[in-house]
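Here the structure is laid out as structure tokens; the discussion comes afterwards.
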Amino acid sequence: MSSFDPVMAELDPYCNAIVRRLPLTTREQREEGFRAAGYNPFRLPARLVTIDGLSDSGTGALSTEQRAASARADERYASSESWDRFAAALRSMSRFEHIIPTTQGRTAESVVFSTMLKPGQFSVSNTHFDTTSANVQLAGGTAVNLPCPEFADLDSDEPFKGNIDVAALEQLLAGPDGHRVGIVLMTITNNGGGGQPVSIANLRATREVCRRYGVPMFLDAARFAENAWLVTRREAEFAAATPREVAGIEFDLADGFVISLKKDSMSPGGGAIGVRDPQLAGALRAKVIATAGFSTYGGMTGETLEEAARGIEESVDPAYLYARERAAQLLADVAQEAGVDSIRPAGLHAIYLNAGRLMRHIPQARFPGHSLAAALYLEGGVRTSELGSLYLGELDDEFRMVKPAPFELVRVALPRRVYTENHLRYIGTVLARIAKEPERWPGYRVVSAPPTLRHFEGWYDQVRD
Ligand SMILES: Cc1ncc(COP(=O)(O)O)c(C=O)c1O
């Protein structure tokens, strides 16, 4: 912060260089489109979406520098110049020697878990992202989430609610199932845990426990730069550090990492694995070659390698990260003014609306989070996603509720460098219209859905009972 000229401190450090026309729709079009999509936002055609808060993944606006870099993409098959630039950027940021490229984050997860986890073993995390726990299961393992107790209070201003519960981790490792823990995975920032950051103190304590029990500690580093920024803002020891310096410390503490390059690295695609052990690196490379592509492109085009290389550099720019903090805070503030609470304190990549509190008239078996997400779309063309019982609850074969999720949330994701203050204020206006009379919005039932990752593929219908 101290490096900003005070006159310029509050200025967003970019402007539009190319724009996309937003579709402006009518209520009838939205109702018809959403019904035809089985009331599932993932199936909704993007041409009917005005403000897209479904995901911050691969949705960032490319910078002119990224566009320029992609123009010199080298598409030669092996050891291309684009690979050299990509590997140099990720090596310089992470200080890891062995970098293995993949198509995206979940490919990196699949390769790591199928290589490192034996059937019956546990992967323990502050919270696994959904594809991450799916990949643990596909490798025959069990995903164990140990979020810190502070996360349970959505309204408190605890600065690091993304932390792992270190005492619970140690208890697990010291107990009868301790030998089954094959890996500890720290998700920074904690997407499944409200986008909350993880402190360096927590990473250090986790690293120490892992060292004592001989378990490798990996990072899910998709949002390493946003986590680093929040550390500089909330952890006193790092108040004078740059986000890049903190990112270096995050990576230094780990034995390895998986990364989706579609988040902080602002690339439309791509992922990677980093490890220190050359033998492990060899095994991972062999699997990437068999499943994704040669070990100097891993399924990425030269253009993606170039855009990611440049994006990695841009991700730790303090002026950009501060603008992102202001955007998330503004969205949380306008939601609050509209009468809708969100998880406090706001993270950076999304805000998580407390739908359970707003849609009190809808029982958990009728998915209040989905009701709010649907209302945001129907009222104002704003696409978001539910993170509540529809996504995380346990349902029986007839889709009746067995065990609801602990919270009924709606995630409004913030694509990087895409939406202006005007767009964020518009979301506030839509929320205010919903919050004025929440009772007019119905609940939902599941008509059909696959047994895993239900929220992506399900068909739903409105219920007013
Ligand atoms: C924390 C986290 N890990 C992993 C992934 C998976 O990355 P990808 O979408 O590149 O496969 C995501 C995607 O949203 C994520 O948020």
| note | In nm, the gap between the two label points placed 7 Å beyond Cα toward Cβ at Thr420 and Ile18 is 1.9 nm
| Burial order of peptide ranges 255-261, 376-382 (average beta-carbon count within 10 Å, highest first) | 255-261, 376-382
| field | Kirkwood hydrodynamic radius of region 61-190, Cα pairs, Å | value | 17.4 Å
| request: Could you check how much of the accessible area of region 336-465 is carbon and sulfur, as a whole percent, using a 1.4 Å probe? | output: 48 percent
| said: Contact order normalised by length for region 393-465, with contacts defined as Cα pairs under 8 Å and 6 or more residues apart; what percent is it? | reply: 20 percent
| note | Note on the chain: contact order normalised by length, alpha-carbon pairs under 8 Å, 6 or more apart, percent, works out to 21 percent
| query | Name the residues of region 52-84 whose amide N is less than 20 Å from a point 7 angstrom out from the Cα of Gln29 along the C-beta direction? | reply | 52-54
| Given Lys161/Lys403; Lys262/Lys436; Lys118/Lys287, the pairs whose alpha carbons are separated by over 26 Å | Lys262/Lys436
| When only Cα pairs under 8 Å and 6 or more residues apart are kept, what is the percent relative contact order across region 130-241? | 23 percent
| Can you give the accessible area per residue of the chain, in Å², using a 1.4 Å probe? | 42 Å²
| Does region 182-264 classify as rounded, prolate or oblate by the C-alpha gyration tensor (a ≥ b ≥ c root eigenvalues; a/c under 1.5 gives rounded; else a/b over b/c gives prolate, otherwise oblate)? | oblate
| said: What is the distance in Å between the Cα centroid of region 207-282 and that of region 402-444? | reply: 30 Å
| When the chain is fully extended, how far beyond the present Cα-Cα distance does Arg47 get from Glu75, taking 0.36 nm per residue of separation? | 6.9 nm
| note | Averaging 1/r across every pair of distinct alpha carbons in region 346-465 and inverting yields a Kirkwood hydrodynamic radius, in angstrom, of 14.7 Å
| message | On the principal axes of its Cα set, how long, how wide and how thick is the chain? Give whole Å, largest value first. | response | 59, 56, 45
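The values are calculated or read from the model by the stated rules, or taken from the named source; none is laboratory data. Not measured: the values here are computed from a predicted model. FYI the Cβ positions are ideal-geometry reconstructions off the backbone, even for glycines, and counts take in every protein chain you see. Please note that ligands, DNA and RNA were not included when accessible areas were found on the heavy atoms of the full protein model with its side chains. Shrake-Rupley method; radii C 1.70, N 1.55, O 1.52, S 1.80 Å.
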